[in-house]
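Worksheet for the structure shown next.
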Amino acid sequence: MPVLTYSRAFNKDIASKAINKCCPSEHRSCCVERVFSDSFLPCKTDMNDWEKTAVCLEREFHNTSLIESNGMDCCWLLYNEQCREQCSKFMRTPTMSIEEKVMFEHPCMNQYVTEVKDSCLEDSWKRLHLCFPQCLALTTLKSKQEQKFVFNPREHCSYFKQKDSRKPCIGPSV
């Protein structure tokens, strides 16, 4: 077993207890590595039950789980693939508190401003990107009520409610 180092606000005993309770024996060394380096799960592609493990760890550390309430599903709203990937990794890190996850900051969060071109499709992507904080806020609220939540931009995001939904994107703007 690797040498355990400091992980966020958790001492070695708390982290070890959570790892022993939540991580399958065949993936325990992977869990130790990820928990003590504040990294995301899964660490291996063959870890099919990573979500169950991550939810268990998150509940042990924070008494609630944003992973369980689909918090990382909000990442699909972000403008580019790199941003979606970084967000997904961040949201799958069980040692991060919900408060930290809601404050997801990455340089990619502001890239859409310079990349967006004047077109209906690009405008839609930009508005989806702007819906990200609302998605996380609603998902977090539901997680505290221990409910799963499926964010629908047309129903839940003010940036889509502002736009005339009767004018769908069919082709390039004229």
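A short reminder: the numbers here are calculations on the coordinates, not readings from a lab. Small disclaimer: the values here were computed from a predicted structure and weren't measured. Every residue, glycine as well, gets a Cβ built from its backbone with ideal geometry; the counts of neighbours run over all protein chains shown.
From the P(r) of segment 53-106, could you give the percentage of C-alpha pairs in the tail past 18 Å? That tail contains 25 percent of the Cα-Cα pairs.
The loop-placed GluC sites (Glu not before Pro) in segment 33-110, going by DSSP, that have at most 11 neighbouring Cβ atoms within 10 Å of their Cβ come out as GLU105. Ordering LYS101, LYS52 by the number of other Cβ atoms within 10 Å of each residue's own Cβ, fewest first, gives LYS52, LYS101. Sorting THR139, THR93 by the number of Cβ atoms found within 10 Å of their own Cβ, with the fewest placed first, yields THR93, THR139. Legend: ranking of residues TRP50, TRP125, TRP76 from fewest to most surrounding C-beta atoms inside 10 Å; resulting order TRP76, TRP125, TRP50.
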